[in-house]
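Q: My questions will all concern the structure given below.
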Amino acid sequence: MKKTIYLILLSVLFSVSANAQTIYVTNTESWSDFTVYVTETESWADLVVYVEDTESWATGNKGLWYFTETESWADKSIYFTDTESWADITIYFTETESWAGWKNNSKKHLLE
């Protein structure tokens, strides 16, 4: 019985961490997993992002991000560009958590 509970807890732990969205911002484009352009118009975004204050709340691939200052703790490293055409993904930051999510599912693989 203890073994079963232990295995269930481990599987939950790994499923949550596998979909976490802890983000590290790098100043060097070549060190990033992908480049990001921030738009001020929500309808132009591929992804609407809500920034979480707590890392454990930034789960799943649904636009809930937690920014870390430690690269080794991040799930993805990103580089912000000022040129939209150079970006792999365009995001819009929202102040409302429930508005976060994908608008262009073809780019979803970037955060998996």
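The values are calculated or read from the model by the stated rules, or taken from the named source; none is laboratory data. Note that the structure is a prediction, hence the values are computed from the model and not measured. All Cβ positions, even for glycine, are placed from backbone atoms using ideal geometry, and neighbour counts span all protein chains on display.
Q: List the pairs whose first member sits in region 25-41 and is under 20 Å from Phe93 (Cα atoms), whose second member is surrounded by 15 or more Cβ atoms within 10 Å (Cβ to Cβ) and among the acidic types (Asp, Glu), and whose Cβ atoms are under 6 Å apart, counting only residues at least 6 apart or on separate chains?
A: As it stands, the answer is Phe34/Asp88; Thr35/Asp88, since those pairs meet every condition given.
Q: Output the residues belonging to region 89-105 that are touching a residue at least 24 places away in the same chain (Cβ under 8 Å) and either part of a strand (DSSP E or B) or polar (S, T, N, Q) (or both).
A: Listed by number, the residues that qualify are Ile89, Thr90, Ile91, Tyr92, Phe93, Thr94, Thr96, Gly101, Trp102, Asn104.
Q: OK, next. Those residues that are of a type in the set (S, T, N, Q) and surrounded by fewer than 18 Cβ atoms within 10 Å (Cβ to Cβ), I need them from region 62-104; list them, please.
A: Thr68, Thr70, Ser72, Ser77, Thr81, Thr83, Ser85, Thr94, Thr96, Ser98, Asn104 - these are the residues of region 62-104 that are of a type in the set (S, T, N, Q) and surrounded by fewer than 18 Cβ atoms within 10 Å (Cβ to Cβ).
Q: Now, a different point. With a cut-off of at least 2 residues that are closer than 20 Å to Lys108 by Cβ and modelled with pLDDT under 95, name the strands (runs of 3 or more DSSP E) lying wholly within region 44-88.
A: Strands (runs of 3 or more DSSP E) meeting the threshold: none at all.
Q: For region 76-88, what are the residues that are out of contact with any helix residue (DSSP H, G or I) (no Cβ under 8 Å at 6 or more places or on another chain) and touching a residue at least 40 places away in the same chain (Cβ under 8 Å)?
A: Matches in region 76-88: Ile78, Phe80, Asp82, Thr83, Glu84, Trp86, Ala87.
Q: When you go through (1) modelled with pLDDT under 95; (2) assigned to a strand (DSSP E or B) one by one for Thr35, which number turns out not to apply?
A: (1)
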